[in-house]
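In what follows, a single structure is set out as C-alpha cells and then discussed.
Computed from the coordinates by the stated procedures, all read-outs in this text should not be read as laboratory data. These figures come from a predicted structure and were not determined experimentally.
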C-alpha cells in the first residue's frame, strides 16, 4: 500500500481530514530528520558524550532507528580519511 493510501485509511478510520493525518505523519519524520541533522557527529566525541546524545528514535509499531558507537566510529574514521584525501594531491603525482 502506498503511503497516501495508508494515510487515507487512517483518516477515514479516525474521522479526520486527510491533510491533518498527512501533516501529522510527515511532522514525525521531519522531527527525526531535523533532530538527527542537529547531532554533532562530526566532532570528536568520547563514549560518554556519544551516549548523552541519545541518537535513537523509537517508532511505535515500526521499530527503532539508532546509531551504535561502533557505527559512529567507523563513519567518523571514513569521514576523516576522505578529508585527508581531499587535502592531498588526489593521486596526481603517480609515476609513469
Have a look at the range 40-96 and give its Rg and Dmax from the Cα atoms, expressed in angstrom.
17.0, 59
Under the helix-only model (-39500 (n - 2.57) for each DSSP H run of 4 or more, divided by the residues of the chain), the mean residue ellipticity at 222 nm, to 500 deg cm²/dmol, is -20000 deg cm²/dmol
From Cα pairs below 8 angstrom and at least 6 apart in sequence, can you work out the relative contact order of the chain, rounded to a whole percent?
14
If you build a Gaussian network model of the chain, linking Cα atoms that sit under 10 Å apart, which residue out of 41, 51, 16 swings the most?
16
Taking every alpha carbon pair in the chain and sorting the distances into 10 angstrom bins from 0 up to the bin holding the longest one, the percent per bin comes out as 12, 29, 22, 18, 13, 5, 1, 0
